[in-house]
Amino acid sequence: MTPPKDPTALYLDLLKKTLSYLLWDEPAVPMETFNYQRPPFRRFLLGMLCGALRRVNVQLARPVVYSDEHRESGMTWPLQAHTMIGLRRLDNIQFCMESVLEDAVPGDVIETGVWRGGACIFMRGVLAAHGITDRRVFVADSFAGLPPPEKEAYPQDEGDQHYTQEFLAVSKAEVEKNFRLYGLLDEQVVFLEGWFKDTLPAAPIEALSVLRLDGDMYQSTMEALQNLYPKLSSGGYCIIDDYGIETCREAVTDFRAERDICCPIQEIDPTSVYWRKGSS
């Protein structure tokens, strides 16, 4: 007789697959979605054409085909998924959170840079699945995309174009709606809305057990590390989503050197890493 499957594991597995849209084929992408990236004249022409077609209930779209590897490792910008980080990074969140729960490492959890909120929704799902009511999930984002580079203060970000990516700007209202879809929006979810330089220094956080950074840029990464890493408990985990981006990796390297952090960095997938904080 096959032993019954653990309902907690089944729920979290289903939640991961749903958040990353792995249960369905990715739909065709409307041509207007990334029209802002096109040269002005082509953007104007396509906008006129799409507008005319909308009046007769027709939409231009292009098919997309993502491999299982790309979707599992988060190498896509999906149209429908509530997270773009892929299964491996969701697995890592589950591992880190269940590890700190098992080891009674104190503190809340946070993600800085949340897009549609999928990773934070999963964090809240892990707490719910394990019946944890005394830890909070902090959801930190501008909810307006990334900031333009501050070249004088952070010359490492000069030329960064993330702020032009309208696809990355997701409102707080939409993220809240996504939490509600999973039945996971409650008093254990705390939103920190604004630029990291304004929200993180005064964030009402005493201790963290999991710190997940997804800010892409040198400035965003450094501000999150400077303000939050000192609150990460010994035995807690620091996850860097964008380690594959040179400026993010440089910020991590500089911060670890400044603080003499020697905890070994472990790879999650080709773009992401994490480490466990040792005793102070």
- Query: Restricting attention to the range 124-132, does a residue exist that is β-branched (Val, Ile, Thr) and either more than 23 Å from Val100 (Cα to Cα) or open to solvent by 50 Å² or more (accessible area, probe 1.4 Å) (or both)?
  - Reply: no
- Might you let me know whether the range 214-232 holds any residue that is surrounded by 19 or more Cβ atoms within 10 Å (Cβ to Cβ), small (Gly, Ala, Ser) and more than 19 Å from Asn92 (Cα to Cα)? yes
- Note on the structure: Going through the range 162-203 in order, the residues found to be more than 23 Å from Leu19 (Cα to Cα) and either open to solvent by 70 Å² or more (accessible area, probe 1.4 Å) or in contact with a Pro (Cβ under 7 Å, 6 or more places away or on another chain) (or both) are Tyr163, Trp195, Lys197, Asp198, Pro201, Ala202
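Which of the residues that make up the range 244-262 are touching a residue at least 24 places away in the same chain (Cβ under 8 Å) and open to solvent by 20 Å² or more (accessible area, probe 1.4 Å)?
Within the range 244-262, Gly244, Ile245, Thr247, Glu250, Asp254, Arg259 qualify.
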- Message: For the range 73-84, check the following and say yes or no: at least one residue is exposed (fewer than 13 other Cβ atoms within 10 Å of the Cβ) and either at pLDDT 85 or above or under 23 Å from Gly244 (Cα atoms) (or both).
- Response: yes
- Item | Wholly within the range 29-114, helices (runs of 4 or more DSSP H) carrying at least 3 residues that are in contact (Cβ under 8 Å) with a residue 24 or more places away in the chain and closer than 24 Å to Leu15 by Cα | 86-102
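The values are calculated or read from the model by the stated rules, or taken from the named source; none is laboratory data. Here the structure is a predicted model, which is why all the values come from computation and not from measurement. For neighbour counting, all protein chains shown are included, and Cβ atoms are generated from backbone atoms with ideal geometry for every residue, glycine included. Note: areas computed on protein heavy atoms with side chains; ligands, DNA, RNA excluded. Shrake-Rupley method; radii C 1.70, N 1.55, O 1.52, S 1.80 Å.
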